[in-house]
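These notes are about the structure you will find just below.
The values are calculated or read from the model by the stated rules, or taken from the named source; none is laboratory data. Given the structure is predicted, the values throughout are model-derived calculations rather than measurements. Virtual Cβ from ideal backbone geometry, glycine too; neighbours counted across all protein chains shown. Accessible surface areas use protein heavy atoms only, side chains included; no ligands, DNA or RNA. Shrake-Rupley method; radii C 1.70, N 1.55, O 1.52, S 1.80 Å.
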Amino acid sequence: MYKILEAKTLAENIYEMKIFAPWVAKKCLPGQFVILRVDEKGERIPLTISDYDRNLNSVSIVFQVVGASTLRLSKLNVGDSVYDFVGPLGNPSEIISNFSEFKNKNIIFIAGGVGSAPVYPQVKWLSNNGLKPDVIIGARTKDLLILTEETRAICNNLYIATDDGSFGFNGRVTDMLTSLVNSGKKYDLCVAIGPVIMMKFVSLLTKTLNIPTIVSMNPIMVDGTGMCGACRVTVGSEVKFACVDGPEFDGHLVDFDEAIKRQTLYKTFEGRAYLKEKEGDTHHGGCGFCGGEND
Ligand code: NAD
Ligand code: FES
């Protein structure tokens, strides 16, 4: 069991928890994720690590309530425990693993909505190692902005954009990046983390701007174990699985349209049966939780 040390609401339906997890805290790096289960019968929830403290043996997660399991998680309080907290899983961020290649680069991070949480530890790590990137944080409206002050404290320039113009720049993150580039800003690398549709449009834009782009395909994961096949994604000419081979990939090579279509299909029994028929057993090795093995 893993005790909850801190719990707070960041915005409507978005929560942050600090969990006592010494093993994960000791080993994890930005970009990696954990799989959490609220109780013995709970489904596996893959969540990107949003911070860690090796002295306190704690790991922080930020999650949005999107179903029964995350709703149950949101109702836990300080002192309660979660049943499982497995990690660190996936590969650390490429910029951190290969820092010597990136340390002189001008980097812009683009965080969409809840994607601000996985961006934070990457920027913090870089900042602690002498590289302060620029960051764009975008949200639909002012009340959905999270971690803005925490990020401002560790980045070079923070640009905030809201779709409805209620705070900062009026427009989406892509409009914000276009405006920065038009004003003369130059970037060698973009890291985009947020909804799949956002990562698609950021990648389309950065391709025209000739800025190499890394995206995190965490949102297409279901069980996060390499077994369910939900996170299958075509990158260039290769089939990859986000939870095992990623979660980060070259945004200019990801087939986002296929990923979005698979995400939609995966939500229904009918859709999962279709994927199994089309893709064979790599679609479903049997995570035992989503029921797809009964299709
Ligand atoms: P949202 O839908 O409110 O979008 C956030 C911002 O993304 C918008 O304000 C806008 O600036 C940008 N955006 C959205 N659609 C766009 C488009 N078509 N073109 C250009 N920009 C666009 O975001 P939300 O509700 O907070 O998102 C939650 C999603 O983020 C979930 O799907 C979740 O899985 C995902 N998420 C991803 C990661 C990751 O590692 N990639 C981590 C946490 C959450
Ligand atoms: Fe990757 Fe299930 S989430 S195989």
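Here are some notes:
- Residue in segment 70-86 that is under 30 Å from T174 (Cβ atoms) and not aromatic (F, W, Y) present: yes
- Spans of strands (runs of 3 or more DSSP E) in segment 1-118 with at least 2 residues more than 26 Å from C228 (Cα to Cα) and touching a Cys at 6+ places or on another chain (Cβ under 8 Å): 107-112
- Count of residues meeting criterion [at pLDDT 95 or above, open to solvent by 20 Å² or more (accessible area, probe 1.4 Å), touching a strand residue (DSSP E or B) at 6+ places or on another chain (Cβ under 7 Å) and not acidic (D, E)] in segment 39-73: 2
- Where I197 falls short, out of the listed (1) surrounded by fewer than 16 Cβ atoms within 10 Å (Cβ to Cβ); (2) free of Cβ contacts under 8 Å to residues at least 40 places away in the same chain; (3) not small (G, A, S): (2)
- Candidates G288, G280, filtered to the one that is assigned to a loop (DSSP other than H, G, I, E, B), more than 16 Å from ligand 1 (Cβ to nearest atom) and either modelled with pLDDT of 85 or more or not β-branched (V, I, T) (or both): G288
- Listed by first and then second residue, the pairs with beta-carbon distance under 7 Å, at least 6 apart or on different chains, first residue in segment 219-235 and on the phi > 0 side of the Ramachandran plot, second away from ligand 1 (no atom under 12 Å from the Cβ) and open to solvent by less than 30 Å² (accessible area, probe 1.4 Å), are G224/I35; G229/H283; G229/H284.
- Selection within segment 115-129 - open to solvent by 40 Å² or more (accessible area, probe 1.4 Å) and farther than 16 Å from L189 by Cβ: K124, N128
Results for (1) open to solvent by 50 Å² or more (accessible area, probe 1.4 Å); (2) touching a Pro at 6+ places or on another chain (Cβ under 6 Å); (3) away from ligand 1 (no atom under 16 Å from the Cβ), shown as yes or no for each residue.
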site	(1), (2), (3)
G90	no, yes, no
S100	yes, no, yes
D134	no, no, no
L144	no, no, no
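- Conditions (1) crowded, with 24+ Cβ neighbours inside 10 Å; (2) touching a residue at least 40 places away in the same chain (Cβ under 8 Å): number failed by I96: (1)
- Counting only strands (runs of 3 or more DSSP E) that sit wholly inside segment 138-251, those with at least 3 residues that are within 16 Å of ligand 2 (Cβ to nearest atom) are 232-235, 238-241.
- Here V254 meets the list (1) more than 22 Å from V62 (Cα to Cα); (2) within 12 Å of ligand 1 (Cβ to nearest atom); (3) in contact with a Cys (Cβ under 9 Å, 6 or more places away or on another chain) almost entirely, failing just condition (3).
- Looking at V66, V62, V82, just one residue is within 30 Å of K132 (Cβ to Cβ) and of a type outside the set (F, W, Y), and that residue is V62.
- Segment 150-179 - residue that is aliphatic (A, V, I, L, M) and open to solvent by less than 70 Å² (accessible area, probe 1.4 Å) and, of those, nearest to G130 (Cα to Cα): I154
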